[in-house]
1. Considering Ile209, Ile258, which residue is under 30 Å from Tyr91 (Cα atoms) and either part of a helix (DSSP H, G or I) or of a type in the set (Ser, Thr, Tyr) (or both)?
2. Could you tell me which residue of the stretch 92-124 is surrounded by the most Cβ atoms within 10 Å (Cβ to Cβ), considering only residues that are acidic (Asp, Glu) and assigned to a helix (DSSP H, G or I)?
3. Looking at the stretch 50-79 only, could you name the residues that are of a type outside the set (Gly, Ala, Ser), touching a His at 6+ places or on another chain (Cβ under 9 Å) and over 30 Å from Lys212 (Cα atoms)?
4. Could you tell me whether the stretch 142-150 includes any residue that is surrounded by fewer than 17 Cβ atoms within 10 Å (Cβ to Cβ), part of a helix (DSSP H, G or I), modelled with pLDDT of 95 or more and out of contact with any Cys (no Cβ under 8 Å at 6 or more places or on another chain)?
Amino acid sequence: MGIMKNPIFRRLSGVLAKIQRFLAPKQGIIVDTSTGVAGLKRELKILENQLHATDNEKIELEKFLSDFHYRHTRELGSILMEILRLRMILYRVDQKKYEEAKRDEERYRKHIRIARKKPKHKLNGEEKKELKKRFRKATLLCHPDKVSEKLKEEAEKTFISLKKAYDLNDLKKVTEILTRLEKGHYFQSVSDTVLEKELLMAKIKKLRIRIKELEEEIESIKNSYTYKEIIAIDNWDVYFREMKVKLKKELEEIKKQIKLV
């Protein structure tokens, strides 16, 4: 990891390797220059698979949040807009509260407008499973972080279209992209095409950095207040049903207050 067979030397080498892995994120990513082309290609392939898994985890988290916000807007948006509109009327004699209510109403109106421009397709349980399966299969064939620089821009366009279709539950579009990729319009990864040692080392370094960035982004999402609030909801159907009852009560209360003003 003779001296090479000495158990003390092997243990010391193991300790040094652990120290190197610990320091790598802090001192710049280190790539072993003594490894041959075949070894570098194997390492790069492993990193490509790790990148794919990590990026998919992040995309799943983002879709989880997107699906919740979409349903929240669809089921509660109208009643929330009415509450915000009536709050403006209720606070019309209080300039500070009125301005705050107006900002809230304008902000939420913009949110509603954007959400309605991107309607999600309704899928049953089996269709959702198939959507995820086909999406992951397609991402293996077009991930922009796995290809050479000359193919990166084109791969990125395909990847963005794929992610957009996935977020909107567009099974048909995801299937179309996957079919096109499988028919030969896929993007070969660097580990399958590059033979130059320097290029392989450079790509390994980039992938390690990108994986670390994705892991930090995943951690940021999981630590966010929004994610923690949503993940704590056991049953979305029950949650939205109860929220609708609460908001209707709040709406009636505001109407009563307006009559008294």
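The values are calculated or read from the model by the stated rules, or taken from the named source; none is laboratory data. In this text, all values refer to a predicted model and were calculated from it rather than measured experimentally. Cβ atoms come from the backbone with ideal geometry, glycine included; neighbour counts cover every protein chain shown.
1. The unique qualifying residue is Ile258.
2. In this case the residue turns out to be Glu105.
3. Thr73
4. No.
Conditions (1) of a type in the set (Lys, Arg); (2) on the phi < 0 side of the Ramachandran plot; (3) part of a helix (DSSP H, G or I), marked per residue:
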site: Leu195; (1), (2), (3): no, yes, no
site: Lys203; (1), (2), (3): yes, yes, yes
site: Glu219; (1), (2), (3): no, yes, yes
site: Lys246; (1), (2), (3): yes, yes, yes
site: Glu253; (1), (2), (3): no, yes, yes
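Okay, residues lined up against (1) in a helix (DSSP H, G or I); (2) surrounded by 14 or more Cβ atoms within 10 Å (Cβ to Cβ); (3) of a type in the set (A, V, I, L, M, F, W, C); (4) at pLDDT 95 or above:
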residue: Lys5; (1), (2), (3), (4): no, no, no, no
residue: Leu12; (1), (2), (3), (4): yes, no, yes, no
residue: Gln20; (1), (2), (3), (4): yes, no, no, no
residue: Thr54; (1), (2), (3), (4): yes, yes, no, yes
residue: Leu86; (1), (2), (3), (4): yes, yes, yes, yes
